[in-house]
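A.B. asks: Below you'll find the structure I mean.
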């Protein structure tokens, strides 16, 4: 293992391509959301494939894509999340794999057959600005590691070269169209008929999405009283409904409080698969009890840990 | 999500802050964070460590003890230059002169009711009644950081350049996001704020 330095030049970076790590939990009381990847499992997998800690800083690629050139050194990367079209010097690669770039090599990631967000981890230490102890970029303010721009240079220290290999894409990393929800906290502000409609009908993702959230199209599910509620804490996965009956699901960079009623909250583990859907995709909601949600969360965590342990042992 | 009232209410807010303080002093295994707001406390827990019934039981034992908690809160002074782009319109709507708006704004004792929306956005309750006007019908873009804005009976010091529908009555160099990693936010929820006019600028 040789310790050395690599430099990456960003040739093209679309909007919302940012530096991310596991985020900054515990600061919502100061108006700061967790941020971190849209698909949190993708960054964990990419890092684990390289023997890194799960939440180490990497690059999150949006549907707008990314093109890089290695201008110095040798750099091993891991790519996971979504089914992107990945190529090295014009030669197609697998969407999920460990790849080593030599000086002068170009790596391109574009939207492929499925998925919306992809994570790149590096076998080394990516230099990045931190804010409140984390690299995770808060999109609205640009605080943290920040969005990538064409012409920008990134430095990776203590690079390790690892053998190239595919990374298996587990079934639980595919897009998730059927979302488990716990009803509430404000389901009582909606009529029984509206709640039934919410749970029985199909919604579609719209093109109005960013790292803060995802607006839905579908049946009108306006609350009975279109009054706001006193602003209250929000979580990733909250399904909030505006007075005119339009639902949105909050994601990584969500506002920390809001006054729109929430008809339901999506199981946190399901939000990664939700992030990998595309505008126009159909989704539906299934109500589960809080006890069932805890049981599912534990079951999913066990399956994920099992997968990660296998990935790390290769 | 614990709800103490359905509308903004001073007593309910004190109960939120008391429970928040009690929980911070005595967290349960698997506690992630609590988010105090006007009448609610959002409590997040790790489902791999605990479950809702266990958390509710823990909060019940705290709830009675919390009533004894004394909430002091630190005091902060904030200097303001009252030259905001909306000052004239606020004065017109309130039936006051611009100088009276400035004096009235300084006469309130404000309390950090909650942080919300965006990093460092501290909602300050205690805006004097003559200045209680509704927000603008439409948000205005690119309101600079450091703006002192009012609406709906609240005051706020902006920390980022952002759109807002609140009225900009002045500006301050007070930094709510301090940039100091040891103490990144100037105010804690429950702190008291006093505004005074920076007569010779900032």
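A.B. asks: Out of the range A:1-48, which residues are more than 17 Å from residue A:145 (Cβ to Cβ) and either within 13 Å of chain B (Cβ to nearest Cβ) or in a loop (DSSP other than H, G, I, E, B) (or both)?
C.D. replies: A:1, A:2, A:3, A:26, A:28, A:29, A:30, A:31, A:39
One line per residue, one yes/no per condition, for (1) within 18 Å of the chain's Cα centre (by Cα); (2) in the same structural domain as residue A:70 (by TED's automatic domain parsing); (3) assigned to a loop (DSSP other than H, G, I, E, B):
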| residue | (1), (2), (3) |
| --- | --- |
| A:182 | no, no, no |
| A:208 | yes, no, no |
| A:223 | no, no, yes |
| A:229 | no, no, yes |
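A.B. asks: Hey, can you tell me all the residues within the range A:243-259 that are more than 10 Å from chain B (Cβ to nearest Cβ) and more than 24 Å from the chain's Cα centre (by Cα)?
C.D. replies: Answer for the range A:243-259, where residues must be more than 10 Å from chain B (Cβ to nearest Cβ) and more than 24 Å from the chain's Cα centre (by Cα): A:243, A:244, A:245.
A.B. asks: Can you tell me which residues in the range A:137-170 are free of Cβ contacts under 8 Å to residues at least 60 places away in the same chain and not in a loop (DSSP other than H, G, I, E, B)?
C.D. replies: Residues of the range A:137-170 that are free of Cβ contacts under 8 Å to residues at least 60 places away in the same chain, as a first pass: A:141-143.
Within the range A:137-170, just A:143 meets the criteria.
A.B. asks: Can you name the residue in the range B:143-174 that is within 14 Å of chain A (Cβ to nearest Cβ) and assigned to a strand (DSSP E or B) and is also surrounded by the fewest Cβ atoms within 10 Å (Cβ to Cβ) among such residues?
C.D. replies: Going through the qualifying residues, I end up with B:163.
A.B. asks: If you don't mind, there's one more thing I want to ask. Taking the range B:5-26, which residues are part of a loop (DSSP other than H, G, I, E, B), within 11 Å of chain A (Cβ to nearest Cβ) and surrounded by fewer than 17 Cβ atoms within 10 Å (Cβ to Cβ)? It would help to see each step written out before you state the result.
C.D. replies: At the first step, the residues of the range B:5-26 found to be part of a loop (DSSP other than H, G, I, E, B) are B:5-9, B:26.
Cutting the leftovers down to within 11 Å of chain A (Cβ to nearest Cβ) gives us B:5-9.
Within the range B:5-26, B:5, B:6, B:7, B:9 qualify.
A.B. asks: So, of the residues in the range B:103-124 that are within 17 Å of residue B:196 (Cβ to Cβ) and either assigned to a loop (DSSP other than H, G, I, E, B) or facing chain A (nearest Cβ under 7 Å) (or both), which turns out to be farthest from the chain's Cα centre (by Cα)?
C.D. replies: B:108
A.B. asks: Run residue A:78 past the list (1) away from chain B (no Cβ under 14 Å); (2) buried (at least 24 other Cβ atoms within 10 Å of the Cβ); (3) over 18 Å from residue A:100 (Cβ atoms) and report the number of the one that doesn't hold.
C.D. replies: Here residue A:78 meets the rest and fails (3).
A.B. asks: If residue B:183 meets every condition in (1) within 14 Å of chain A (Cβ to nearest Cβ); (2) surrounded by 21 or more Cβ atoms within 10 Å (Cβ to Cβ) apart from one, which number is that one?
C.D. replies: Failing condition for residue B:183: (2).
The values are calculated or read from the model by the stated rules, or taken from the named source; none is laboratory data. All of these numbers come straight from a predicted model, not from anything done at the bench. Note: ideal-geometry Cβ built from the backbone for every residue, glycine included; neighbour counts use all protein chains shown.
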